[in-house]
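As structure tokens, the structure follows; a few thoughts come after it.
The values are calculated or read from the model by the stated rules, or taken from the named source; none is laboratory data. The structure displayed is predicted, hence computed values, not measured ones. Positions of Cβ are generated from backbone atoms using ideal geometry, with glycine treated the same way; all protein chains shown enter the neighbour counts. Side chains included, ligands, DNA and RNA excluded: accessible areas come from the protein's heavy atoms. Shrake-Rupley method; radii C 1.70, N 1.55, O 1.52, S 1.80 Å.
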Amino acid sequence: MDKKTVFSAIQPTGSIHIGNYLGAVKNWCKLQDEYNCYFAIADLHSLTTSLNSAASLLRSNIFDMYCMLLACGLNTSQCTFFCQSGVVQHSQLAWVLNCYTQYGEAKRMTQFKDKSQKNSDNVNVGLFAYPILQAADILLYNAHYVPIGIDQKQHLELSRNIAERFNQRYSPTFNVPDLLIPKVGAKIFSLTEPLQKMSKSDENLNSYILLTDDNDTIVRKIKRAVTDSGDRIEYSKDKPGLSNLLSIYCAFSECSPAKVVDIFESASYAQLKEELSALVVAHLEPIRTEYQRLKLEKTFIKRCMEEGADKACHTAKKMLDKVYKKVGLM
Ligand code: ATP
Ligand code: MG
């Protein structure tokens, strides 16, 4: 039986944090066996917020992100892993899809509103069109499933609407993709402002734990994480800081939320933080070691990137040709 297809991507806007890992990347590694997987470094997307940063920084971020995802467990013999800019069809399909997306529906995207508030000096058209490029990423490979964090749900809805509209206007062309989110970890919050999602682009270094953070830094960030008043360990809307730490524990330990509350029933906040630090350190240390090893393998990484892009291009070209033909381009 043919395997179903999965597509997902991550921006090289900085190092990956535990939110990216638990919400997306950890899941990607598990899916490689069962699905026909395409994973990308969304470097074109990252141009939407990189106006003032050096080209050399973006280049090293792309390289580092590629190494990190391999260190997390992506396996290029099981999945197609590439950089988005290495497959020209992404931008080409995005242009076509721009013309099948209404201004009004793109304007509703909350990420555009959030990011344009945060980067008020750089509200570029690319930032506005970002979700349509994302739709092109997904539809180009005819993905059935898109494993992402919950913050991307609205963008996936837009991709579905664009696919349905195109299919109706012409004839069935794209699969209408479904969201695949983990039961726990789909939205990890900032350690310093637990009502905000953890983000790579957050200026506060203490708001996230990076997969590149050393053990002492991990322990220090968890120790400093904002918790709430009271001393009872429980999930509660009134205790977003504590609930976030419990979710992180659940996602790393793969224990159910009820079990985790049980484990810490008579513990103090400080004990929970200590146990959580030990768990996170134990998970991240081997990934970090492998990452440091891979960063020295420049020729190998470059070859993997090229082979990944060639493989992706092969599929992408077929879909783009089909789309061009359907809309009447020669
Ligand atoms: P940026 O701030 O630059 O947008 P980001 O941290 O949001 O960075 P992305 O590259 O936009 O990271 O997203 C990569 C993947 O990580 C997506 O699938 C996204 O849904 C997921 N993700 C991002 N933040 C979180 C989070 N806090 N919790 C769970 N998943 C997340
Ligand atoms: Mg994001």
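If you check ILE162, ILE148, ILE188, which single one turns out to be modelled with pLDDT of 95 or more and closer than 20 Å to GLU34 by Cβ?
On the way: ILE162 fails: closer than 20 Å to GLU34 by Cβ; ILE188 fails: closer than 20 Å to GLU34 by Cβ.
That would be ILE148, the only listed residue that is modelled with pLDDT of 95 or more and closer than 20 Å to GLU34 by Cβ.
Are there any helices (runs of 4 or more DSSP H) wholly within the stretch 228-297 with 2 or more residues that are open to solvent by 60 Å² or more (accessible area, probe 1.4 Å), and if so which? I'd like the intermediate steps shown before the answer.
Details: elements: 240-253, 257-263, 269-295.
Fully inside the stretch 228-297 and qualifying: 257-263, 269-295.
Applying the set (1) modelled with pLDDT under 95; (2) on the phi > 0 side of the Ramachandran plot to SER120 leaves exactly one unmet item: (2).
Taking every residue in the stretch 136-163 that is over 20 Å from ASN20 (Cβ atoms) and pairing it with any residue that is within 14 Å of ligand 2 (Cβ to nearest atom) and polar (S, T, N, Q), at least 6 positions away or on another chain, the pairs with Cβ-Cβ distances below 9 Å are LEU158/GLN134.
Close contacts from the stretch 192-213, counting a first residue that is assigned to a strand (DSSP E or B) and a second that is of a type in the set (S, T, N, Q), with Cβ to Cβ under 6 Å and a gap of 6+ residues or different chains, come to LEU210/SER15. ILE150 passes every criterion in (1) more than 12 Å from ligand 1 (Cβ to nearest atom); (2) farther than 21 Å from ILE41 by Cβ apart from (1). Report, by residue number, each residue of the stretch 18-30 that is open to solvent by less than 10 Å² (accessible area, probe 1.4 Å), touching a Cys at 6+ places or on another chain (Cβ under 9 Å) and either more than 9 Å from ligand 1 (Cβ to nearest atom) or not β-branched (Val, Ile, Thr) (or both). Scanning the stretch 18-30 gives a single hit, TRP28.
Considering the stretch 164-184, and only residues there that are in contact (Cβ under 8 Å) with a residue 12 or more places away in the chain and part of a helix (DSSP H, G or I), the residue that is nearest to the chain's Cα centre (by Cα) turns out to be GLU164. Please work out if LEU180 is away from ligand 2 (no atom under 16 Å from the Cβ) and in contact with a Ser or Thr (Cβ under 9 Å, 6 or more places away or on another chain). The answer is yes for LEU180. If you scan the stretch 183-219, which residues turn out to be among the aliphatic types (A, V, I, L, M) and open to solvent by less than 40 Å² (accessible area, probe 1.4 Å)? ALA186, ILE188, LEU191, MET198, ILE209, LEU210, LEU211, ILE218 - these are the residues of the stretch 183-219 that are among the aliphatic types (A, V, I, L, M) and open to solvent by less than 40 Å² (accessible area, probe 1.4 Å).
Against the numbered list (1) hydrophobic (A, V, I, L, M, F, W, C); (2) in the same structural domain as TYR66 (by TED's automatic domain parsing); (3) away from ligand 2 (no atom under 16 Å from the Cβ), ILE218 comes up short only at (2).
Could you please give the count of residues in the stretch 106-135 that are of a type in the set (A, V, I, L, M) and in contact with a Ser or Thr (Cβ under 8 Å, 6 or more places away or on another chain)? Step through it out loud before you land on a result.
Taking the stretch 106-135 first, the residues of a type in the set (A, V, I, L, M) are 106, 109, 123, 125, 127, 129, 132-133, 135.
Next, only the ones that are in contact with a Ser or Thr (Cβ under 8 Å, 6 or more places away or on another chain) stay: 123, 127, 132-133, 135.
Number of matching residues: 5.
Considering only the stretch 31-71, state which residues are open to solvent by 10 Å² or more (accessible area, probe 1.4 Å) and small (Gly, Ala, Ser). Of everything in the stretch 31-71, those that are open to solvent by 10 Å² or more (accessible area, probe 1.4 Å) and small (Gly, Ala, Ser) turn out to be SER50, SER53, ALA54, ALA55, SER56, SER60, ALA71. Checked against (1) within 12 Å of ligand 1 (Cβ to nearest atom); (2) modelled with pLDDT under 95; (3) open to solvent by 40 Å² or more (accessible area, probe 1.4 Å), LEU180 passes all but a single condition, namely (2).
If you go through the stretch 133-163 and keep only what is open to solvent by 50 Å² or more (accessible area, probe 1.4 Å) and either of a type in the set (Asp, Glu) or in a strand (DSSP E or B) (or both), you end up with TYR145, ASP151, GLU157. Screening SER15 with (1) closer than 22 Å to ILE287 by Cα; (2) open to solvent by 30 Å² or more (accessible area, probe 1.4 Å); (3) away from ligand 1 (no atom under 14 Å from the Cβ) gives one miss only, at (3).
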